[in-house]
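The values are calculated or read from the model by the stated rules, or taken from the named source; none is laboratory data. Since the model is a prediction, treat every value here as computed from it, not as a measurement. Ideal geometry is used to build each Cβ from the backbone, glycine not excepted, and the neighbour counts take in all protein chains shown.
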């Protein structure tokens, strides 16, 4: 079964720290922030992997938003690294160390994300 890497994008509303943060008040000031990467197993199609992450990973608050923005097969993700380059090797290992493995057949793998 194929594994997928689903990446999310975060947005922080600096306007919500001091003011209302609302567009209608002109108090919004959004900045791109890092998101989260998930290794998704147990599904066959990339759109299913993205929808699965969306089911527990979307946050749509006044101060923070996070949503899936990219999906790749694990093979596609692995192909981006030059394993002859020590910096790529180190960066790949770091990225893998902070990814979250989730599988729809294993509710414990994603339960902690449901409490957002």
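Using beta carbons and a limit of 7 Å, which pairs, at least six apart or on different chains, have the first residue in the stretch 33-49 and farther than 18 Å from residue 92 by Cβ and the second one at pLDDT 95 or above and exposed (fewer than 12 other Cβ atoms within 10 Å of the Cβ)?
Final answer for the pair search is 42/105.
Can you pull out every residue in the stretch 50-78 that is part of a strand (DSSP E or B) and more than 30 Å from residue 15 (Cβ to Cβ)?
Result: 71, 72, 73.
For the stretch 86-101, check the following and say yes or no: at least one residue is more than 12 Å from the chain's Cα centre (by Cα) and not in a helix (DSSP H, G or I).
no
Go through (1) in a loop (DSSP other than H, G, I, E, B); (2) touching a residue at least 40 places away in the same chain (Cβ under 8 Å); (3) in contact with a helix residue (DSSP H, G or I) (Cβ under 7 Å, 6 or more places away or on another chain) for residue 82 and report which single condition fails.
Every listed condition holds for residue 82 apart from (2).
Out of everything in the stretch 3-35 that is in contact with a helix residue (DSSP H, G or I) (Cβ under 7 Å, 6 or more places away or on another chain) and in a loop (DSSP other than H, G, I, E, B), what residue ends up being surrounded by the fewest Cβ atoms within 10 Å (Cβ to Cβ)?
Here the answer is 29.
Residue 105 passes all but one of (1) assigned to a loop (DSSP other than H, G, I, E, B); (2) touching a strand residue (DSSP E or B) at 6+ places or on another chain (Cβ under 7 Å); which number fails?
(2)
Take the residues in the stretch 36-45 that are over 16 Å from residue 66 (Cα atoms) and within 18 Å of the chain's Cα centre (by Cα), then tell me which one is surrounded by the most Cβ atoms within 10 Å (Cβ to Cβ).
40
May I ask you to list the residues in the stretch 66-94 that are surrounded by 15 or more Cβ atoms within 10 Å (Cβ to Cβ) and within 14 Å of residue 7 (Cα to Cα)?
Hits for the stretch 66-94 are 66, 67, 68, 71, 72, 77.
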